[in-house]
Each structure stands twice: as structure tokens, then as C-alpha cells.
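In what follows, a structure is listed as C-alpha cells, so that the remarks can point back to it.
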């Protein structure tokens, strides 16, 4: 159950980050709508609440935070490419893989 909650915390954090990108994107003379800012606050808030529950359920801080950040970096970079046509170069892919390998090594150690 704790791993499912960690996955949900990651998805909420990534969703909030994507909403933040939408909130900061200018749209032909329009200001960003409040719904994007509400999604940012709700997503980050829920993410931190879920993460605190994960810690309470016993997954260690180093492991859970490492997985949270590595998965968040990878998913945000991929989503930025898919939804916003942002650059995701070979070097960035290698860097993301190195972060994920580092987290795996921490967990294995």
C-alpha cells in the first residue's frame, strides 16, 4: 500500500508541476485562469500529504525521497516534451537515467 501511495504522490507532484507550467504560459492577451493555480496548490498539497503517509508507513526517507525525485524528474521531462514540445536531448536523457541509476544504487545499498 505504501508503494501505491508513493506512486500517487509522484503523480500529484508531476501534475502540479504541469499545472504550474500551464499557469505561467501566456495565452494571447489572456491572464492564466485561477483553475491552474488551484491545481498547483491542490497537487503539491496532496503530494506532500501522501508523502508524509508513505513515511509514516515505513518506507525510509532516503529511498522514498530518492524515488520521488527521480521519477518526478523523469516524468516531468517526458511530459514537458509531449505536452509542451520542450527540448529533451540525448544528454538530458542520459542525465535522467543517471539520476535513476543513482537512486537504485542508494536503495540497493
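The values are calculated or read from the model by the stated rules, or taken from the named source; none is laboratory data. Please read these numbers as outputs of a predicted model, since none were measured by experiment. Backbone-built Cβ (ideal geometry, glycine too); neighbour counts: all protein chains shown.
Quick notes on this one:
- Candidates 106, 78, 67 - the one that is without any contact (Cβ under 8 Å) to a residue 24 or more places away in the chain, on the phi < 0 side of the Ramachandran plot and part of a helix (DSSP H, G or I): 78
- The requirement of being within 16 Å of the chain's Cα centre (by Cα), surrounded by 14 or more Cβ atoms within 10 Å (Cβ to Cβ), at pLDDT 90 or above and farther than 24 Å from residue 98 by Cα is satisfied by residue 50.
- Some residue of the range 9-27 being outside any helix (DSSP H, G or I), modelled with pLDDT under 95, more than 23 Å from residue 97 (Cα to Cα) and touching a helix residue (DSSP H, G or I) at 6+ places or on another chain (Cβ under 7 Å): no
- Scoring residue 23 on the criteria (1) without any contact (Cβ under 8 Å) to a residue 24 or more places away in the chain; (2) buried (at least 20 other Cβ atoms within 10 Å of the Cβ) leaves a single failure, condition (2).
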